[in-house]
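Below is one structure, written out as structure tokens, with a few remarks after it.
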Amino acid sequence: MVYKPIGKRRILLLLLVLTVLSALLFLLGRKQETAAVSANSKTLVIDPGHGGIDSGALGADGTRESDINLAIALKLRAVAELYGQENTLIRQDDSSKCDTEDYSEHRDLECRTALVCAARNPVYISIHQNHFPTAQAGGAQVIYASGTDSETLGRITHENIIHALYPHCRRVAEPAAKKLYILSHLQCPAILVECGFVSNPSDLENLKRPTFQTSLAALMMASYLQYLQNTVRI
């Protein structure tokens, strides 16, 4: 199935309409009730990849992937709160989720998976940055877990981000490899968003900019709402 990407003007219009609608509903005292209905009691679980001792990939200037992931995730949570969408953030600072004295990447991933499963009716979005040995590779890519809902969310998100921010990128949304622990161990709709390449100078400069991070967050939120519209039956 082909999903029509959301144009930049349509995204801005959608966000404006949602903002005005949220304000009106708040004044009428119905904001929480309407938000619950619109999301069908789903919880958007936002996971900024890496953190703490695990910085993830590094840019040529020393920029840490984990810091970019967190910056985008915090903006996505702010947008979700603005639109009354129930959500939870896996980490809110520069820390891992490993609960052992000595850091273990595997244990960190297990703990993150458990936090997702503890959420009510979760929809999972993991935020990451890509890296390649050379500087040529660039652009975004979305990886989705097995299942129709994950693929739907993944393709919508990928097409929206590429259309709005990376129009010359030829990458496509792909199913997750089994080595991706969290996506392989979740039963809920789940995607991983590679927002760009920290090894690409142009991508890196964009990814460090708060305005670009906000654009990514807005596109993820718009894609999430589009996904709900396509899949949720009220």
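The values are calculated or read from the model by the stated rules, or taken from the named source; none is laboratory data. Note that the coordinates shown come from a computational prediction; the quantities given were computed from them, not determined experimentally. Glycine also receives a Cβ, built like all others from the backbone with ideal geometry; neighbour counts cover every protein chain displayed.
Quick notes
- When 165, 153, 115, 76 are checked against the criterion of being out of contact with any helix residue (DSSP H, G or I) (no Cβ under 8 Å at 6 or more places or on another chain), modelled with pLDDT of 95 or more and under 21 Å from residue 220 (Cβ atoms), a single residue qualifies: 115.
- Check on residue 89, at pLDDT below 95 and surrounded by fewer than 20 Cβ atoms within 10 Å (Cβ to Cβ): no
- First in the stretch 100-129 and free of Cβ contacts under 8 Å to residues at least 24 places away in the same chain, second anywhere and crowded, with 18+ Cβ neighbours inside 10 Å, Cβ under 8 Å, 6 or more apart: 104/98; 107/98; 111/97; 111/98
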